[in-house]
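S.K.: Take a look at the following structure, please.
The values are calculated or read from the model by the stated rules, or taken from the named source; none is laboratory data. Just so it is clear, the structure is predicted and the values come from calculations on it, not from any experiment. Glycine also receives a Cβ, built like all others from the backbone with ideal geometry; neighbour counts cover every protein chain displayed.
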Amino acid sequence: MSLKDNAHQLVREHLKMDRDGKAHKVPALLDELRRAVTPGHAGSAGGGMTGPPIPINPNALDLLAEIEWEARRNHYEITDTGWQSTLEELLQAFAGMDLPPEWDAYLTHVSADWIDKINALLWPSKPRRKLVGKTCPACGWATYGEERKVCLSLGCWDDEGNMRAIGTWDIECASCEASWAGEQVAYLLRALDTPGAVIVSDVAHVS
Ligand SMILES: [Zn+2]
């Protein structure tokens, strides 16, 4: 993705590939993030002063402030002048600037980072499934560290939070960093006495 592509996703309505493989128009990511700062805002529009106070999402507010500050600071470093308009206009200005290659690469990286952070905040992916009480065959431990964290975890969700096909699951040990993928996963689950079928019904239950 280029800086222009990233700015487009952040500032403009854009197309996003959905689960069904079709492209859908979605709002600008910065618009979504601003909406997330005060999630009650849209619903209470026109409601006067009688409704409950609008809750603020501090994480969304922090991320918005971080992006704004970083963008303005970079603009200042590039041009030696302060940006006088909105964040959205600044990002579009970046995309249209004739930047030195190192600045272009840097801002492309930074803006991709913002996109990842907004996506992670607005649509968090489900956590990996911990395999509690199971011993890692590579290091021989089931827990590690003073907090006795669980070593083995199973990756079985896609980005939208749906269960992936068993053949695409992976298992990792957070202690020794061993990992298993593909057919090894089914084999390892059997060895751990945790057949995939049990996990499937299990996770379907807790999700
Ligand atoms: Zn291990």
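S.K.: Look at A93 and say whether it is modelled with pLDDT of 90 or more and closer than 16 Å to V11 by Cα.
M.R.: Against the criterion (modelled with pLDDT of 90 or more and closer than 16 Å to V11 by Cα), A93 qualifies.
S.K.: Restricting attention to the stretch 103-110, does a residue exist that is over 21 Å from the mean Cα position of the chain (by Cα) and free of Cβ contacts under 8 Å to residues at least 12 places away in the same chain?
M.R.: Yes, the conditions are met somewhere in the stretch 103-110.
S.K.: Another question about this same structure. Just for the stretch 138-160: of the residues that are exposed (fewer than 12 other Cβ atoms within 10 Å of the Cβ) and of a type in the set (D, E), which one is farthest from the ligand (Cβ to nearest atom)?
M.R.: This residue is E160.
S.K.: Further, regarding this structure: Would you check if there is a residue in the stretch 109-128 being buried (at least 16 other Cβ atoms within 10 Å of the Cβ), within 16 Å of the ligand (Cβ to nearest atom) and more than 30 Å from A71 (Cβ to Cβ)?
M.R.: Looking through the stretch 109-128, at least one residue is buried (at least 16 other Cβ atoms within 10 Å of the Cβ), within 16 Å of the ligand (Cβ to nearest atom) and more than 30 Å from A71 (Cβ to Cβ).
S.K.: Taking the stretch 167-179 only, how many residues are more than 12 Å from the ligand (Cβ to nearest atom) and either charged (D, E, K, R) or over 15 Å from R128 (Cβ atoms) (or both)?
M.R.: Count: 2.
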